[in-house]
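The values are calculated or read from the model by the stated rules, or taken from the named source; none is laboratory data. Small disclaimer: the values here were computed from a predicted structure and weren't measured. As a convention, Cβ positions derive from the backbone with ideal geometry for all residues, glycine included, and neighbour counts pool all protein chains shown. The protein model used for the area step is the full one, side chains on, heavy atoms only, and it has no ligands, DNA or RNA in it. Shrake-Rupley method; radii C 1.70, N 1.55, O 1.52, S 1.80 Å.
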Amino acid sequence: MTVVTDAKSLEQAIGDKASSIEIQGQITGLSSVKLPKGTTLTGGEGAELHFKDGQPGLMLNADHRVSGLRIVADETQVALGLLDEEKALGTIEISDVRTVGRFHLEGTQALSGDLKLKNIHVEQADAHMAAHRPAGFGVEVLLGGFSVYNSSKNKDSKWTLSAENISGGSKDSPLKGSGVFVFGGWYIPTDANPAEAPAPTAEGGSIELVRLTTGEIHSQGQIPPGISNLITGGVFVGSGVHAQEVVNEGAVSTYGPNDMVLDNWGQVESWVAQAAVTSHGPSGIGFVNFGDIESLQVQAPLETHGLGARGFNLYDGSLQRAEFESITTYGDGAIGVQLSKPFGSIRVSGDIRTKGGEGESLVRGKVTKLKANALSLKEGTRGDEFVVGGTVEAESQDVESYDFEAPASVIGRLEVGGEVVRDTATG
């Protein structure tokens with residue numbers, strides 16, 4: 001173990017290719033640090049690395065263990081990143097790390113890698129102007145304060161990721177851009193007929209997301225009002241990702257225009273939100289799905305407060321089953337639940353309730369006028385059952401609670417407050 005206490009001794013240890021380095025105290029005035037392959041870097045009590053203005057921070061290579069550090073860079077810079085030089089990342093373990101600046105592991109070269117991340121908190125970060133944004137469904141997605149992105153063009157590039165207790169930002173200082181961002185692939189094909197075609201699959205690299213758990217996430221995309229081709233997500237599971245388990249243990253909140261709270265473009269086996277899901281900005285949807293989900297559970301209130309900020313959208317892909325505690329929207333044009341794709345079962349134990357009237361909302365990259373219906377079924381909707389334990393109500397006198405563009409028979413059984421509204425089995 002090589003112990004370092006200042007910039008000079010850290011530079012010397014790296015030059016000597018020390019296999020294990022321990023940081024003691026606060027080291028300031030650093031230029032970007034590039035760890036040689038296989039290096040272990042740990043921090044003692046109060047260990048911090050502070051980088052010069054305009055400098056990227058700690059850059060990893062392959063087969064690393066990094067733990068017990070606070071890393072400080074400009075908030076627009078990558079505080080902890082990936083050099084993108086190796087064909088195999090090996091195993092990279094990062095734990096008990098806090099950053100000022102972006103946590104950004106992106107690679108185009110690596111065909112394999114096993115990333116194990118635990119107890120990561122991004123205090124401040126600004127990714128809203130960062131390049132390499134994935135695009136699809138008429139929009140580009142801004143990168144996150146915390147990002148893992150296999151952007152390889154090679155379909156044989158497959159990473160494995162486990163990320164536990166990931167948190168970022170605060171109410172007073174939300175992350176700028178997306179919050180937690182996990183993506184694979186470099187290109188998402190555009191369907192000629194999105195109403196009938198299956199969800200497109202990303203081309204290029206992929207990520208097997210074994211487990212993602214998040215603490216509190218606060219993010220604000222900094223997207224100017226009126227811009228329709230940019231979005232963010234508080235927690236965004238992207239194309240090219242197969243997620244076995246996603247759990248939001250802490251509340252997830254977004255604050256700006258086009259800032260989705262929870263968004264899926266990938267393939268998810270199980271997604272559970274255990275704490276509040278809240279958006280405050282215009283066109284900030286609570287949960288929006290363009291991918292495929294087997295099981296979704298939102299066990300706390302889902303609320304949106306902005307113009308056109310819808311509650312839950314199944315716009316593409318598929319959903320086998322979903323359970324919600326309650327869904328409430330406050331803005332004009334803010335539909336409670338809007339569906340246009342197949343699903344199995346959707347159950348809401350409480351109410352679906354909207355407060356607003358007619359207003360503008362972002363739909364597939366276009367600003368569209370909508371009424372704040374509580375439940376809206378669009379053409380293409382197919383489902384076995386939709387059961388609401390409470391009420392389905394649009395409180396505005398100018399808005400109907402239900403908007404069934406598609407025939408009512410698209411849902412086998414529709415039940416609200418114990419009353420069967422529609423049951424195809426009985427007619």
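Do you know which of the residues in the range 351-380 that are of a type in the set (A, V, I, L, M) and touching an Asp or Glu at 6+ places or on another chain (Cβ under 8 Å) is modelled with the lowest pLDDT? Among residues in the range 351-380 that are of a type in the set (A, V, I, L, M) and touching an Asp or Glu at 6+ places or on another chain (Cβ under 8 Å), the one modelled with the lowest pLDDT is VAL367.
Here the range 133-143 is the region considered, the condition is being farther than 11 Å from PHE183 by Cα and in a loop (DSSP other than H, G, I, E, B), and the residue that is least open to solvent (accessible area, probe 1.4 Å) is LEU142. You will find that of GLY350, GLY356, the residue that is within 28 Å of SER228 (Cα to Cα) and assigned to a loop (DSSP other than H, G, I, E, B) is GLY356 and no other.
Annotation note: of GLN26, GLN55, GLN77, the sole residue that is among the polar types (S, T, N, Q) and over 30 Å from GLY205 (Cα atoms) is GLN26.
Restricted to the range 386-399, and to residues there that are at pLDDT 95 or above and of a type in the set (D, E, K, R), the residue that is nearest to GLN320 (Cα to Cα) is GLU393.
Filtered by the rule that a residue be open to solvent by 20 Å² or more (accessible area, probe 1.4 Å) and touching a helix residue (DSSP H, G or I) at 6+ places or on another chain (Cβ under 6 Å), the range 3-37 gives a lone residue, GLY29.
I'm trying to understand the selection: among the residues of the range 257-284, which are under 22 Å from SER170 (Cα atoms) and among the hydrophobic types (A, V, I, L, M, F, W, C)? MET260, VAL261, LEU262, VAL272, ALA273, ALA275, ALA276, VAL277 - these are the residues of the range 257-284 that are under 22 Å from SER170 (Cα atoms) and among the hydrophobic types (A, V, I, L, M, F, W, C). Scanning the range 79-91 for residues that are in a strand (DSSP E or B) and either open to solvent by 50 Å² or more (accessible area, probe 1.4 Å) or hydroxyl-bearing (Ser, Thr, Tyr) (or both) yields a count of 1. The residue of the range 54-67 that is farthest from the chain's Cα centre (by Cα), among those that are among the small types (Gly, Ala, Ser) and open to solvent by less than 30 Å² (accessible area, probe 1.4 Å), is ALA62. All of THR40, THR76 fail the test of being in contact with a strand residue (DSSP E or B) (Cβ under 7 Å, 6 or more places away or on another chain) and open to solvent by less than 50 Å² (accessible area, probe 1.4 Å), apart from THR40. Within the range 283-303, at least one residue is among the polar types (S, T, N, Q), within 25 Å of VAL392 (Cα to Cα) and part of a loop (DSSP other than H, G, I, E, B). Of all residues in the range 360-382, which are in a strand (DSSP E or B), open to solvent by less than 10 Å² (accessible area, probe 1.4 Å) and either under 18 Å from GLN320 (Cα atoms) or of a type in the set (Gly, Ala, Ser) (or both)? SER361, SER376, LEU377 - these are the residues of the range 360-382 that are in a strand (DSSP E or B), open to solvent by less than 10 Å² (accessible area, probe 1.4 Å) and either under 18 Å from GLN320 (Cα atoms) or of a type in the set (Gly, Ala, Ser) (or both).
Yes/no per residue for (1) buried (at least 24 other Cβ atoms within 10 Å of the Cβ); (2) among the acidic types (Asp, Glu); (3) in a loop (DSSP other than H, G, I, E, B):
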site	(1), (2), (3)
ARG211	no, no, no
THR214	yes, no, no
SER228	no, no, yes
SER239	yes, no, yes
HIS242	no, no, no
PRO257	yes, no, yes
TRP271	yes, no, no
GLY306	yes, no, yes
ARG310	yes, no, yes
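Scanning the range 191-199 finds no residues that are modelled with pLDDT of 95 or more and either of a type in the set (Lys, Arg) or touching a Ser or Thr at 6+ places or on another chain (Cβ under 9 Å) (or both).
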